[in-house]
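Peer 1: Below you will find the structure I want to go over with you.
The values are calculated or read from the model by the stated rules, or taken from the named source; none is laboratory data. Keep in mind the model is a prediction, meaning the values are calculated, not measured. Don't worry about glycine lacking a Cβ; one is built from the backbone with ideal geometry, like all the others, and counts go over all protein chains shown.
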Amino acid sequence: MLSALQKLEDLGKLSETEFTADPHKVGSAKYNLIVAIEGTVDLSNHIISKNGFRTPEDYADTFRVMEEKGIFDTEFTSSLIQMARFRNRLFISIGISMMQGFTALSKPDFWISDAF
């Protein structure tokens with residue numbers, strides 16, 4: 001998780017033009033954001049479980065539980081909830097792209113080459 005945060009910090013230093021012009025940087029940011037958010041959820045769930053706090057209903061609720069117990073303040077919780085929702089949108093976006101790729105891979109002419 002710390003490595004993902006460092007990579008995001010490095011990417012954040014780029015200008016918008018530099019960042020958006022390179023699809024590898026955009027992809028890296030998406031991946032590292034997912035890793036950072038999931039790491040935060042995992043750590044929070046560990047604290048929740050160890051202390052016997054109520055079971056969260058979803059990622060966003062994980063952060064609400066931490067706020068309820070005074071571990072996160074309201075502003076930080078709100079930011080984390082927004083990131084969790086953004087993570088969900090990223091997964092949907094990535095899932096659609098992957099399905100389109102799998103569709104292309106499943107076509108017979110993709111695998112059969114004239115070279116054979």
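Peer 1: On the given criteria, is Leu5 of a type outside the set (Lys, Arg), out of contact with any Phe, Trp or Tyr (no Cβ under 8 Å at 6 or more places or on another chain) and in a helix (DSSP H, G or I)? Quick ask: steps written out before the conclusion?
Peer 2: Values: of a type outside the set (Lys, Arg): yes; out of contact with any Phe, Trp or Tyr (no Cβ under 8 Å at 6 or more places or on another chain): yes; in a helix (DSSP H, G or I): yes.
Taking the combined requirement at face value, the residue satisfies it.
Peer 1: Here's something else I'd like to know. Exactly one of (1) part of a helix (DSSP H, G or I); (2) surrounded by fewer than 16 Cβ atoms within 10 Å (Cβ to Cβ); (3) of a type in the set (Ser, Thr, Tyr) is unmet by Ser28. Its number?
Peer 2: Of the numbered conditions (1) part of a helix (DSSP H, G or I); (2) surrounded by fewer than 16 Cβ atoms within 10 Å (Cβ to Cβ); (3) of a type in the set (Ser, Thr, Tyr), the odd one out for Ser28 is (2).
Peer 1: Take region 1-24 and flag every residue that is more than 23 Å from Ala60 (Cα to Cα) and either of a type in the set (Phe, Trp, Tyr) or surrounded by 15 or more Cβ atoms within 10 Å (Cβ to Cβ) (or both).
Peer 2: Lys7, Leu11, Phe19
Peer 1: Moving on. Scan (1) modelled with pLDDT under 95; (2) more than 16 Å from the chain's Cα centre (by Cα) for the single condition Gly52 breaks and write down its number.
Peer 2: (1)
Peer 1: Filter region 15-35 for residues that are hydrophobic (A, V, I, L, M, F, W, C) and at pLDDT below 90; which is farthest from Met83 (Cα to Cα)?
Peer 2: Of all residues in region 15-35, those hydrophobic (A, V, I, L, M, F, W, C) come to 19, 21, 26, 29, 33-35.
Going one step further and asking which of them are at pLDDT below 90, we end up with 19, 26, 29, 33-35.
Details: Phe19: 20, Val26: 16, Ala29: 13, Leu33: 9, Ile34: 9, Val35: 12 Å.
Checking each candidate, the answer is Phe19.
Peer 1: A further question follows. In region 31-54, what count of residues is obtained for those that are surrounded by 14 or more Cβ atoms within 10 Å (Cβ to Cβ), among the charged types (D, E, K, R) and free of Cβ contacts under 8 Å to residues at least 24 places away in the same chain? Break it down into steps so the answer makes sense when it comes.
Peer 2: Residues of region 31-54 that are surrounded by 14 or more Cβ atoms within 10 Å (Cβ to Cβ), as a first pass: 31-41, 44-45, 47-48, 53.
Remaining after also requiring among the charged types (D, E, K, R): 38.
The next check asks that each one be free of Cβ contacts under 8 Å to residues at least 24 places away in the same chain; those that pass are none.
Count: 0.
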